[in-house]
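Peer 1: Dropping a structure here in structure tokens format, bear with me for questions.
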Amino acid sequence: MKKVVKFGGSSLASAEQFKKVGDIIRADESRRYVVPSAPGKRYSEDTKVTDMLYHCYELAESGQAFTKLLNQIKERYNEIIHGLKLDFSLDEDFETIRKQFTGKAGSMYAASRGEYLNGKIMAKYLGYEFVDAANVIRFHKDCTLDDATTNKLLAQYLDAYEHAVIPGFYGAMENGTVVTFSRGGSDITGSLVARAINANLYENWTDVSGFLVADPRVIKNPEVIHTITYTELRELAYMGASVLHEDAIFPVRKAGIPINIRNTNAPEDDGTMIVENTCRIPTYTITGIAGKKGFVAVNIEKDMMNSEIGFGRRVLQAFEDNGISFEHMPSGIDTMTIFVHQDEFAEKEQQVIASINNLAHPDSIDLESDLSLIAVVGRGMKSTRGTAGRLFSALAHAHINVKMIDQGSSELNIIIGVKNEDFEDAITAIYDMFVISQL
Ligand code: ASP
């Protein structure tokens, strides 16, 4: 049994957190490859080391004094080293970093040092081999991941070690230039390592006990999702539910390696298991609810629209020409509605309306703003009668007017549009119907 364990920034923000992580790793012999993030926030107003590094490098790049801030960063690491009573110093590394900053080594190099240094501490603390991600995660010259080479390098290097620490978030081009993933990218490193070593499981340790059925800012103490499929996760993540970097699922998904989201502060919790497929019956008919505010509905009407071939394409062309992507497009016989992000659309609304008029000559265009979209997602809906009925009766009882309904043919989700002001009440009504009433 081989497991890759990735720890997020809040799990490694202090010596206390490091100790919890050490206990977790030592509790299971199969936790052999460790991917750490940079130290995150110790308390809510704290600053993540990655943000400090970006800022520090900005100062260096613009020729301002940066040593004070770099020393504060060093202090963050020294606090961890001393708290763990390690006989270890990062002085030389910080001297190299200072020189590289002065020589303008680039903001990606700067940001990557957060994980690099934390990885060194972690390796020392655990007594594991430190494998610099610059040697095993390979990027092309255009800064995209060289997936095939990365897989080969990781497998080759890691084969030599029973245990290793591989810092997250960065890698390098063939010439050694350091490149980072987008923010939160240590999740991707963990996934790449898991695939390369053919892991049985990729554990992703964070500060929540898994994916929640609904947003805790809307529902107090929502239930945790025990098992979710990659497809369901994509649907929920797209609508704003975020725990994992969205690119982290692709390497492991194809390799059939499940991801287990776990909580460093509550290791006894099972967390959420993310799998390609499952025959496990979901606890509730729905797996999760997620939503976003801030959409505009562009309602377009034209008599005999249904018989005019190419009308829809011409309307969509108007959006494409203005660089606006659309979210949903419910249609009737002589009407169609395009849902777009309000902030994107607001800037260009007059141009878009003019383009629709020019290209499609509709009878009328009407705009409705301040709308929300809510996705009710669940593989369990496919085999269950009456889900839509229950959903809409819950909304009707909560006096919520539904503006739009969209159910994909996969029967994996039902998307509804409501007014922004009804957003929280709608989610509460749905949660009550599908979760609370089933408890
Ligand atoms: N430290 C990086 C960030 O803050 C990457 C990560 O934590 O995954 O985005």
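The values are calculated or read from the model by the stated rules, or taken from the named source; none is laboratory data. Keep in mind that this is a model prediction, so the values were computed, not measured. FYI the Cβ positions are ideal-geometry reconstructions off the backbone, even for glycines, and counts take in every protein chain you see. Protein only, heavy atoms only, side chains kept; ligands, DNA and RNA dropped before computing areas. Shrake-Rupley method; radii C 1.70, N 1.55, O 1.52, S 1.80 Å.
Peer 1: Given 10 °C and 1.306 mPa s, compute D for segment 193-264 with the Stokes-Einstein relation, Rh being the Kirkwood radius over Cα pairs; round to the nearest whole µm²/s.
Peer 2: The Stokes-Einstein estimate is 123 µm²/s.
Peer 1: Follow-up. For segment 111-221, just the Cα set please: Rg and Dmax, both in angstrom.
Peer 2: Calculated on Cα positions, Rg and Dmax stand at 15.5, 50 Å.
Peer 1: Sticking with this structure for a sec: With θ taken as phi - 60° and the coefficients 6.51, -1.76 and 1.60, list the Karplus ³J(HN,Hα) couplings across segment 367-382 in order, rounded to whole Hz; mark glycine and proline as x.
Peer 2: Values per residue, Gly and Pro as x: 10, 10, 9, 6, 10, 10, 10, 10, 9, 9, 10, x, 5, x, 5, 4 Hz.
Peer 1: Sticking with this one: Place a point 7 Å from Cα of Ser369 in the direction of its Cβ. Which residues in segment 313-351 have their backbone N less than 14 Å from it?
Peer 2: 340-351
Peer 1: Next question. As I understand it, the dipole of segment 258-399 uses +1 on the Cβ of Lys and Arg and -1 on the Cβ of Asp and Glu, about the Cα centre. Which of Ser355, Cys279, Phe345 lies farthest toward its positive end?
Peer 2: Cys279
Peer 1: Order Arg217, Arg390, Arg313, most accessible first, counting only protein heavy atoms with a 1.4 angstrom probe.
Peer 2: Arg217, Arg313, Arg390
Peer 1: Also, quick follow-up: With +1 on the Cβ of every Lys and Arg and -1 on the Cβ of every Asp and Glu, and nothing else charged, how large is the dipole of the chain about its Cα centre, in debye rounded to the nearest 20?
Peer 2: Details: 45 positive and 60 negative charges, 276 e Å.
About 1320 debye.
Peer 1: Would you calculate the convex hull of the Cα atoms in segment 300-426 and tell me its volume per residue in Å³?
Peer 2: Dividing the Cα hull volume of segment 300-426 by its residue count gives 127 Å³.
Peer 1: Let me ask something else. For segment 365-433 and segment 40-119, compute the distance between their C-alpha centroids and round to whole Å.
Peer 2: Comparing the Cα centres of segment 365-433 and segment 40-119, I get a distance of 46 Å.
Peer 1: Work out the length of the dipole vector of segment 27-109 about its Cα centre, built from +1 on the beta-carbon of each Lys and Arg and -1 on the beta-carbon of each Asp and Glu, and round it to the nearest 20 debye.
Peer 2: The calculation lands at about 100 debye.
Peer 1: Take the residue pairs Lys48/Lys120; Lys74/Lys99; Lys48/Lys141; Lys48/Lys68 and return only those whose Cα atoms are more than 22 Å apart.
Peer 2: Too far apart for the 22 Å limit: Lys48/Lys141.
Peer 1: Quickly estimate the mean residue ellipticity at 222 nm for the chain, helices only: each DSSP H run with n ≥ 4 gives -39500 (n - 2.57), and the total goes over all residues, rounded to 500.
Peer 2: -12000 deg cm²/dmol
Peer 1: Give me the log10 of I(q) over I(0) for segment 142-298 at q = 0.20, 0.21 Å⁻¹, as the Debye formula computes it from C-alpha points; what are the numbers?
Peer 2: One equal scatterer on each Cα of segment 142-298 leads to -1.32, -1.40.
Peer 1: Efficiency by 1/(1 + (r/R0)^6): what FRET value for Ala388 and Asp91, r their Cβ-Cβ distance, R0 = 45 Å, to the nearest 0.05?
Peer 2: Working: r = 64 Å, r/R0 = 1.42.
That pair, Ala388 with Asp91, gives E of 0.10.
Peer 1: Each label point is 7 Å from the Cα along the Cα-to-Cβ direction; what then is the distance between the points at Thr102 and Tyr54, in nm?
Peer 2: Going from the Thr102 label point to the Tyr54 one covers 2.7 nm.
Peer 1: Another one. Two decimals, Cα atoms only, Kirkwood Rh: what is Rg/Rh over the chain?
Peer 2: Reported Rg/Rh, Kirkwood definition of Rh: 1.03.
Peer 1: Using the Karplus curve 6.51 cos²θ - 1.76 cosθ + 1.60 with θ = phi - 60°, what ³J(HN,Hα) values do you get for each residue of segment 391-405, in whole Hz, with x for Gly and Pro?
Peer 2: 4, 6, 6, 4, 5, 5, 5, 8, 6, 10, 8, 8, 8, 8, 10
Peer 1: Rg over Rh of segment 168-213, using C-alpha atoms and the Kirkwood radius, what does it come to?
Peer 2: With Rh from the inverse mean 1/r over Cα pairs, Rg/Rh is 1.08.
Peer 1: Okay, next question. What figure in square angstrom, to the nearest 10, would you give for the accessible area of Asp247 with a 1.4 Å probe?
Peer 2: Approximately 70 Å² of Asp247 is accessible to the 1.4 Å probe.
Peer 1: Determine the relative contact order of segment 183-287: mean sequence separation of Cα pairs under 8 Å and six or more apart, normalised by residue count, in whole percent.
Peer 2: 38 percent
Peer 1: With a 1.4 Å probe and all protein chains in place, put Asp269, Asp363, Asp87 in order of accessible area, largest first.
Peer 2: Numbers: Asp269 55, Asp363 100, Asp87 140 Å².
Correct descending sequence by accessible area is Asp87, Asp363, Asp269.
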